[in-house]
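The values are calculated or read from the model by the stated rules, or taken from the named source; none is laboratory data. Quantities reported herein were computed from a predicted structural model and do not represent experimental measurements. Heads up, the Cβs are rebuilt from the backbone with ideal geometry, glycines too, and the neighbour counts pull from every protein chain shown. Just the protein is used for accessible areas: all its heavy atoms, side chains included, with ligands, DNA and RNA removed. Shrake-Rupley method; radii C 1.70, N 1.55, O 1.52, S 1.80 Å.
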Amino acid sequence: MNSIKYLFILLTLLLFSESIPIYSQTKYIISASSDYYYSSKENLQPHYFNSNNWGVLSSFQQSQALIQTGAKYQFIDNRNFKLKAGVSAVFKNNIDESFLHEAYLDMVLFKTIDFSLGKETYSPLSYNDTIMVGGFMRNSNARPIPRAQIGFWNYVPLRFLNNRIAIKGGLSHGILNDDRTSVGKSNSADDLQVHEKWAYIKVMLKAFQPYVGLYHGALLGGTRPDGTKIPVDYWSTFFGKGSSKIGGGEATNAAGAHDGFWDFGCYFDNDLGEFLVYMQKPYADGSGLKLYNFRNHDYKIGTLIKFTHGSFINSINLEIFKTNYQSGSGVPDPIYPAEYDPDQHMFLLSDITDYDEFMLRVYGEYQEDGFTKDEVKDYLREQNHGKYYSGRDDYNNNGTYYNGWTYNKQAMGFPLYHTIWQVNAYAPDWQPNGHLAFINNRVKGFHIGMDGTISKKMNYIFKATYSNNFGAYSEEYIKRYSWTIDENNFYKGGKKQVYSYLDFTYSGLWHNYLNVNTSFAYDFGDLYHSFGFMIGLEVGL
């Protein structure tokens, strides 16, 4: 009832108060919206209320009322230099949960070079998160983080190649300034730095325009709950190299927590519309990054169509996705047998200098003519159940950082991955192994999304996603480096789930200043059932 009362007050202010300053000039854009969300599940909102919504909504409250207000101002807008700033805030019925959502400064030089400083709800790597399931990284799922970035957000044709080749890319450095250590995990850390970079190249042919792109992101630095500072080795992190400065496992593996994706696709158009066909492949380490070794079996494949003469259907998106392989089920690195080392520490083949001595000391194996490196590799592979090492990539997780790629408990990566907080909401009686935040990051399924026009003033958005969820490897087995099956694994055999969403927007009211929209969402399947609705008003020019 408090939420409904709060909503009524907010709507009354928006509709009847002449004191609300809403300006519309060339340089100004000021808007305000008020929304009320309700879910039939008391501790979990439906997926598409929260997903790809820039972290505005809390996933774990049954009802929420909020107001979003924002302003943008164009300081300079000429041929060679553009400068604008923006700010927005989210006010909730529980005022303690209100937050600054955006505060940024954007600059464009010579129509080519882009620079951004601050928190902004924009991603140069998203195609259309409104109707798509969401990208592997740099999507609109979580709140924008404070960052500085520079690059070419749009493709720039290369004149010296007769404009036949175009490139885009960027470099970004940010910080995760949310509360990350109150989870009570010793491997959590506050104030992590976020390094990101991406590069794309596109061939500018008349009939079609194929492209390939690569995104790489890494978490580094931070402060442990006991106050210990995690050393930063920026250039080792930048190039994905080991760092003796950081030490431990990061002396031999890559410094920092890495995630990324390959992006392949092709644009083409005809009288029917504009088409994009794409395939994206996620990775978390070298086994997934190096496509030539054929270890990366995961993907998201889709098509996005914008119809030239669309009406009932203006745009449509179809996708299939699969992330359950993760370079295979083999453990990431060799570990000593329990009879030699009860704690089963990992070791690297490159550290072995005397293969005969190693095989005799560790495994009690002797060979009169000695062991070669390949023979040792084959033997170790047998110990790994015949699987390749460098498996179980564990997307968006990292042993150095408990929270992984989350921001304010919201996934920064693929929106269909589930965190420990989501799992606690829909499976409260299950006790996961609790090693890392993403309990479910192995999923496969398909998705459809579309938008269109019902009447002159009414538009709709529809999305539906089917997923089969297999949890994380660290939940299938008792831990990431173990071959012992966890019989209590909640996701054993796969859990099927459907997420659906339908939104209607009626625009052009109150001198074309007011839009009214309502949304319905229903999640159902083996994980949980949740029905929700939203009503909202938006005022702006």
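Once each part is reduced to its C-alpha centroid, what is the distance from the stretch 96-149 to the stretch 377-431 in angstrom?
That distance is 26 Å.
Output ³J(HN,Hα) for the stretch 222-238: one whole-Hz value per residue in order, computed from phi by the Karplus curve 6.51 cos²θ - 1.76 cosθ + 1.60 with θ = phi - 60°, and x for Gly and Pro.
Computed from phi, the couplings for the stretch 222-238 are x, 10, 5, x, 8, x, 5, 8, 7, x, 10, 10, 4, 6, 5, 5, 4 Hz.
Please identify the GluC sites (Glu not before Pro) of the stretch 312-403 that satisfy two criteria: DSSP loop assignment and at most 14 other Cβ atoms within 10 Å. Which are they? Before the final figure, lay out each step's value.
Working: sites: Glu319, Glu339, Glu357, Glu365, Glu368, Glu375, Glu382; in loops: Glu339, Glu365, Glu368.
Answer by residue number: Glu339, Glu365, Glu368.
Tell me, what is the percent relative contact order of the chain, built from C-alpha pairs under 8 Å that lie six or more residues apart? Spell out each step's value before the answer.
Numbers: 1339 pairs, mean separation 71.1, N = 541.
Reported relative contact order: 13 percent.
Ignoring any ligand, DNA or RNA, what whole percent of the accessible area of the stretch 200-241 comes from carbon and sulfur when the probe is 1.4 angstrom?
Details: 1420 of 2140 Å².
So the carbon and sulfur contribution to the accessible surface is 66 percent.
List the DSSP H helices in the chain whose Cα atoms stretch 18 Å or more along the helix axis and whose mean Kyte-Doolittle hydropathy is at least -1.0. Display every interim value, and only then the final one.
Details: long enough: 2-16 (21 Å, 1.81).
The qualifying helices are 2-16.
Could you compute the longest span of the chain free of chymotrypsin sites (Phe, Trp or Tyr not before Pro) located in DSSP loops and having at most 11 other Cβ atoms within 10 Å, not counting the site residues?
Values: sites that count: Phe110, Phe294, Phe312, Tyr366.
With a cap of 11 other Cβ atoms within 10 Å, the longest stretch comes to 111-293.
Mind checking which lysines have their C-alpha under 16 Å from Lys82, skipping anything on the same chain fewer than 8 residues away?
Within the straight-line cut-off, Lys82 pairs with Lys27, Lys72, Lys111.
Do any GluC sites (Glu not before Pro) in the stretch 436-541 lie in a loop, going by DSSP, with at most 13 other beta-carbon atoms within 10 Å of their beta carbon, and if so which?
Values: sites: Glu475, Glu476, Glu487, Glu538; in loops: Glu487.
For GluC sites (Glu not before Pro) across the stretch 436-541 that sit outside H, G, I, E and B with at most 13 neighbouring Cβ atoms in 10 Å, the list reads Glu487.
Could you run the Karplus curve 6.51 cos²θ - 1.76 cosθ + 1.60 with θ = phi - 60° over the stretch 179-192 and give me ³J(HN,Hα) per residue in whole Hz, x for Gly and Pro?
So the Karplus estimates, Gly and Pro as x, are 7, 10, 9, 5, 5, x, 9, 5, 9, 8, 7, 9, 6, 5 Hz.
How large a share of the accessible area of the stretch 251-359, in percent, is made up of carbon and sulfur atoms when the probe is 1.4 Å and the other protein chains stay in place? Mind showing how you got there, number by number?
Numbers: 3080 of 5170 Å².
For the stretch 251-359, the apolar C and S fraction of the accessible surface comes to 60 percent.
Loop only by DSSP, 15 or fewer other Cβ within 10 Å of the Cβ. Give me the trypsin sites (Lys or Arg not before Pro) in the stretch 479-541 that pass, ordered by residue number.
Values: sites: Lys479, Arg480, Lys492, Lys495, Lys496; in loops: Lys479, Arg480, Lys492.
The qualifying sites are Lys479, Lys492.
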